[in-house]
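Values in this text are rule-based calculations from the coordinates and carry no lab data. The structure displayed is predicted, hence computed values, not measured ones. Neighbour counts are summed over all protein chains in view; Cβ atoms, including those assigned to glycine, are modelled from backbone coordinates with ideal geometry.
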Amino acid sequence: MNETYDDSNIFARILRGEIPSTRVYEDDHVIAFMDVMPQGEGHTLVVPRAPSRNLLDAAPETLGPSIAAVQKIAGAVKKAFAADGVTIMQFNEPASGQSVFHLHFHVIPRFEGVALKPHSGKMEDPEVLKQNAEKIKAAL
Ligand code: DGP
């Protein structure tokens, strides 16, 4: 198995501006944008700018600012969607469910009694993603 970083992955291309994303936040360390296959309303991804395949090879200096951004986005999505809670997920290698090999954190608003939709399931309408991004931006 080849567990190295390959900068042709889709999030590296989003970071380089080669393909679009529905952004909600960015700073010197991370960008955050809507997941195109949301497992719940407002599902957002926090992606460190620094390249690493996943948590296992990330530089410790990358992790602090990344988790601080995850906390910031978690608070914003909870407020934006009046959620009851927020689930944070992060996958390492295919056996765990990872499909994009640039470190990222899933931030998903949760509502009492509402189950998560399947991981990497159905593509969301871009207009819905745009509207949800506006709600999150307004809550930041
Ligand atoms: P995972 O590597 O298992 O954490 O899953 C990758 C997630 O990224 C999955 O929830 C779907 C989402 N995703 C895949 N391709 C794209 C894309 O091109 N743009 C955006 N915004 N999300 C993507």
Using alpha carbons only, how many degrees (0 to 90, rounded to 10) separate the axis of helix 60-80 from the longest principal axis of the chain?
20 degrees
I'd like the distance separating the alpha-carbon centroids of the range 105-122 and the range 41-65, in whole Å.
19 Å
Treating only the Cβ of Lys, Arg, Asp and Glu as charged (+1, +1, -1, -1), what charge dipole size does the chain show about its Cα centre? Round to the nearest 20 debye.
360 debye
Return the calculated 222 nm mean residue ellipticity for the chain, to the nearest 500 deg cm²/dmol, obtained by summing -39500 (n - 2.57) across DSSP H runs with n ≥ 4 and dividing by the residue count.
-9500 deg cm²/dmol
Length gained, Gln90-Ala68, 0.36 nm per residue minus C-alpha separation, equals 6.4 nm
Taking the highest mean first, how do the peptides 23-36, 2-15 order by number of other beta carbon atoms within 10 angstrom per residue?
23-36, 2-15
Longest to shortest principal axis, alpha-carbon extents of the range 12-140, angstrom:
35, 31, 27
Taking Cα pairs closer than 8 Å and at least 6 residues apart, the relative contact order of the range 22-71 in percent is 30 percent
Mean separation of Cα contacts under 8 Å, 6 or more apart, over the residue count of the chain: relative contact order %
32 percent
Could you give me D for the range 26-96, from Stokes-Einstein at 4 °C and 1.567 mPa s, where the hydrodynamic radius is the Kirkwood radius over C-alpha pairs? Units µm² s⁻¹, please.
99 µm²/s
